[in-house]
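The values are calculated or read from the model by the stated rules, or taken from the named source; none is laboratory data. Every value quoted in this text rests on a predicted model; they were computed, and no experiment measured them. FYI the Cβ positions are ideal-geometry reconstructions off the backbone, even for glycines, and counts take in every protein chain you see. Remember, those area values only see protein heavy atoms, side chains included, never the ligands or the DNA or RNA. Shrake-Rupley method; radii C 1.70, N 1.55, O 1.52, S 1.80 Å.
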Amino acid sequence: MLKRTFATATRSRPFRLAVVGSGPAGFYTCHRLLKEHDNTQIDMFDALPVPHGLVRYGVAPDHPEVKNVMTTFDKVAEDPRFRFIGNVSVGTPTSVLQVADLKAHYDALLFTYGASEDRHLGIPNEDAYGSTSARTFVGWYNGLPRDQDLQLPLQDTDTAVVIGQGNVALDVARILLTPIDDLRKTDITEAALEALSKSKIKNVHVVGRRGPLQASFTTKELREQLSLPNVRFEADQQWIQQQIAAHEDAINKQRPLKRLMGLLAKGRKDNTGDKSWHLKFLRSPVEILADNGNVSGIRYEMNELQGESFDKQRAVGTGQFEDQACGLVLRSIGYKSMPMPGVPFDAKRGLVPNAYGKILQSPDAAQDDTLPGMYTAGWLKRGPTGVIVSTMSDAYDTADTILTDLKNESPMLPDDPQRSDDIVPLIQQRGVQPVSYRDWKKIEAAEFAHGVSIGKPREKFTSVPDMLHVLQPN
């Protein structure tokens with residue numbers, strides 16, 4: 001392995017980094033590197049013509065303030081040392097580029113492509129019509145091209161079940177119950193608005209296998225859910241308060257949890273309305289009930305909690321079961337990352353094995369047995385947990401690892417004196433026209449203009465051909 005020198009004062013050729021994935025983890029890592037290391041050039045790749053990953057396609061449309069981070073990303077992209085290369089996939093059998101192509105053009109690679117797939121329950125009839133993942137539902141109403149063919153029985157049932165009790169679970173429950181005129185003020189897609197405007201869903205059950213102290217939604221999300229107009233809140237308040245009282249001392253030591261439990265115990269003051277959302281605990285789904293291939297209900301095994309400390313309590317099945325009628329089931333039990341050929345992957349943990357963001361030789365490798373010039377950040381690095389702020393911290397940690405390696409003149413990828421530093425000609429030779437960040441801003445401007453014309457902040461393009469059509473000469 002060739003060792004190379006990266007001292008900013010003496011190195012004539014810049015440190016060249018390829019970033020695979022254009023979500024928050026990628027942008028925040030770039031933000032730190034560009035600030036701290038002048039002699040750097042970064043190319044960021046995304047399979048879609050548009051950047052920003054889950055900020056664009058995962059954040060709820062009624063949370064526009066969360067999307068303000070895109071202003072920071074714009075500033076990163078304005079740096080002349082940064083280049084966005086969109087519409088270019090990497091690392092799949094049909095991709096424009098493979099990892100080997102990147103290794104031949106860059107000093108180092110950073111993988112931040114996140115967790116694009118969802119976990120399954122592994123129970124009978126999970127594929128029945130009316131059963132899908134919350135991730136797919138979120139992608140559908142946020143305009144993710146791959147999810148635009150989703151069909152849901154919104155007009156055929158008045159009851160939906162959401163399996164899971166995290167923020168995404170409350171997001172989808174809230175979208176199903178929010179007045180349609182409120183949604184019209186957001187950047188939710190017109191196709192989703194049309195479908196939701198005809199929805200007959202009036203009751204949403206948010207179901208978890210353990211208790212209220214183990215729920216992973218935040219106070220902000222719960223407060224919004226409790227504030228939905230004309231929506232009752234139903235839960236076993238007596239049991240919730242018993243659980244809180246039983247662990248009061250431990251709860252008082254954790255301020256965020258104390259605030260969350262205080263809000264949950266209060267419930268909703270004006271608990272009236274012709275719609276409802278239910279928070280149910282101690283239930284594990286064991287079968288989706290189906291009639292002629294359509295969801296007709298769900299069967300739970302009832303659980304009990306075992307263990308003294310609430311953060312270590314386990315849900316144990318009791319052998320008793322409960323059936324609930326419903327026509328829509330959305331599983332919200334987590335995302336998962338997928339392996340990419342040429343990059344070590346820990347299938348058991350669902351992430352790229354790493355030491356502080358530097359990729360290990362294998363999942364079982366020692367912490368100092370790393371791959372030169374290979375890095376990761378975000379959900380691919382730590383697993384699909386946390387919000388954008390935690391992703392920022394995680395990305396900065398990876399950036400610091402890269403900066404330390406540069407300072408210490410640690411080995412990077414092998415140098416090829418014959419290589420071209422510009423990978424774009426290779427992409428074009430393979431029949432793909434990459435999309436620049438300037439191109440993306442043209443696409444965004446067209447979305448803003450379309451949104452204004454129909455009284456919305458933005459109307460997203462939901463297909464890649466429509467995005468690329470904006471860039472065609474008039």
| query | So, by mean Cβ neighbours within 10 angstrom, what's the order for 181-192, 106-117 with the highest one leading? | reply | 106-117, 181-192
| Three-way shape label, region 385-469, alpha-carbon gyration tensor, a/c 1.5 | oblate
| request: Express the relative contact order of the chain as a whole percentage, based on alpha carbon pairs under 8 Å and six or more residues apart in sequence. | output: 23 percent
| remark: Semi-axes in Å, largest first, for region 254-351 (Cα gyration tensor, √(5λ)) are 29, 25, 18
| message | Quick one: the Cα spread of the chain along its three principal axes, in angstroms, biggest first? | response | 70, 58, 40
| remark: By the mean-Cβ-within-10 Å protection proxy, highest first, 137-145, 382-390, 22-30, 333-341 rank as 22-30, 137-145, 333-341, 382-390
| query | What number, rounded to the nearest 500 deg cm²/dmol, is the helix-based mean residue ellipticity at 222 nm of the chain, given -39500 (n - 2.57) per DSSP H run of at least four residues and division by all its residues? | reply | -9000 deg cm²/dmol
| field | Solvent-accessible surface (1.4 angstrom probe) belonging to M70, in square angstrom, nearest 10 | value | 30 Å²
| Tell me, what HN-Hα J-couplings in whole Hz come from the Karplus equation 6.51 cos²θ - 1.76 cosθ + 1.60 at θ = phi - 60° for each residue of region 148-159, using x for Gly and Pro? | 6, 8, 4, 10, 10, x, 5, 9, 10, 8, 10, 10
| To the nearest 10 square angstrom, how much accessible area does S197 have with a 1.4 angstrom probe? | 50 Å²
| note | Residue-normalised value, i.e. accessible area per residue, for region 119-332 at 1.4 Å probe, in Å², stands at 46 Å²
| query | So what's Rg/Rh here for region 183-258, counting alpha carbon atoms and using the Kirkwood radius for Rh? | reply | 1.08
| query | For T178, what accessible area in Å² do you get when you roll a 1.4 Å probe over the heavy atoms of the protein chains, rounding to the nearest 10? | reply | 20 Å²
| request: For region 119-332, just run the numbers: alpha carbon Rg, then divide by 2.2 N^0.38 Å, N being how many residues it has. | output: 1.02
| remark: Share of accessible surface on carbon and sulfur in region 119-332, whole %, 1.4 Å probe and ligands ignored, is 43 percent
| Farthest toward positive dipole pole in region 54-194 [+1 Lys/Arg, -1 Asp/Glu at C-beta], among T72, L177, A108 | A108
| remark: The pairs in K381/K442; K202/K253; K35/K348; K67/K103; K381/K456; K103/K336 lying past 29 Å Cα-Cα in this model are K381/K442; K202/K253; K35/K348; K67/K103; K381/K456
| said: Could you tell me the relative contact order of region 119-332? Use alpha-carbon pairs under 8 Å, at least six residues apart, and round to a whole percent. | reply: 31 percent
| query | If you build the Cα gyration tensor of region 290-337 and take the root of 5 times each eigenvalue, what three semi-axes come out, in whole angstrom, biggest first? | reply | 27, 17, 7
